[in-house]
Amino acid sequence: MRNPGKNIKMTVNNLTVSYNDEGPDDALIIIFIHGFPMNKSMWNAQVEEFENNYRVIAYDVRGHGGSDAGNENFSIELFVNDLICFMDALKIDSAVLCGLSMGGYIALNAVVNYHKRFSALILCDTNCTADTPESKIKRVKTVESITKTGVEKYADESLKNLFAPESFATIKEEIEDVRTMIINTSKPSLCKTLLALSARLETCDKLPDIKVPVLILVGKKDKITPPSVAQLMHERIKGSSIHLIAHAGHLSNIENPYDFNKQLSKFMESSKIG
């Protein structure tokens, strides 16, 4: 029995998961997976745009937003298992999957390992490569910094990389919302997720095996996962589409929701999604 609405709580694998579930009962389902260190509210502009024509679900990855962290060490594989169990609990056999940054890692791994459960894939500001040794060292130092100096300093440093320079003048309220999301994430969850991201495996060699329709979106000024990384994925996924979002950095869906939603809508309407 579906229970539509916002900030719904459901127990999955002894873990409380918080999610939004909007739109018609019998519509095609889109599941949105947020980036790190945000939560499901980063998708509000997309949920609002698509809820009239699709069933749209945005959930909090464990340890983020309103979802419990559990006692296990975090990993992308654990996050993928959470997603599949979440879909099972909602009795969702198949869905379109849209993930940004960390959400893209989860989405990509889910489609590669559970391809029968997904009818299309949207990869946003993400990549298929593993962390470089330098990136791993940087994440470990970030964990040490969060532990010693707290979350607020980490939040302020993160914002500099998450957004395009022009966004700081044009979407101040949205940037403050993201800062609040980061600050409201617990220290243990931030640290455990950073370690999970540093340990993730590359999936680039699996890209040619993806057979569902794929859209790749990336902010033109994304410093974390730049357009060159998106282009690499586009070249390896046969038949995929790619679009660069103007006036946007790493959080393209927040920085330019008009173009982001336009491209997503065009993809949903033109692709043969079953």
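Every number in this text was worked out from the coordinates using simple rules, so none of it is lab data. Just so we're clear, the structure is a prediction, and the values are computed from it rather than from any experiment. As a convention, Cβ positions derive from the backbone with ideal geometry for all residues, glycine included, and neighbour counts pool all protein chains shown.
Under 16 Å between alpha carbons: how many lysine pairs meet that in the range 1-120, if sequence neighbours fewer than 8 apart on the same chain are excluded?
Pairs that pass both the separation and distance tests number 4.
Give the percent of DSSP beta bridges with both residues in the chain that are antiparallel, rounded to the nearest 5.
Approximately 30 percent, going by the DSSP bridge assignments.
Compute the Cα gyration tensor for the range 161-273, then decide on rounded, prolate or oblate, letting a ≥ b ≥ c be the square roots of its eigenvalues: rounded whenever a/c is under 1.5, prolate when a/b is larger than b/c in the other cases, and oblate in all that remain.
oblate
For residue 138, put the label point 7 Å out on the Cα→Cβ axis and report which residues of the range 75-112 keep their amide N under 15 Å from it.
102
Checking the a/c ratio against 1.5 first, then a/b against b/c, what shape does the Cα gyration tensor give for the range 1-114?
Rounded.
Which of the peptides 98-110, 58-70, 23-35 is most tightly packed, and how do the rest follow, judged by the mean count of other Cβ atoms within 10 Å per residue?
98-110, 58-70, 23-35
Please report the spacing between the Cα centers of the range 188-242 and the range 50-64 in Å, no decimals.
20
At 222 nm, what helix-only mean residue ellipticity would the chain give, in deg cm²/dmol to the nearest 500, using -39500 (n - 2.57) for each DSSP H run of four or more?
Computed mean residue ellipticity for the chain: -13000 deg cm²/dmol.
In a shell of Cβ-Cβ distance under 15 Å around residue 5, excluding residue 5 itself, what net charge do Lys and Arg (+1) and Asp and Glu (-1) give?
It works out to a net charge of -1.
Are there any GluC sites (Glu not before Pro) in the range 35-126 that are in a DSSP loop and have at most 15 other Cβ atoms within 10 Å? List them by number.
72
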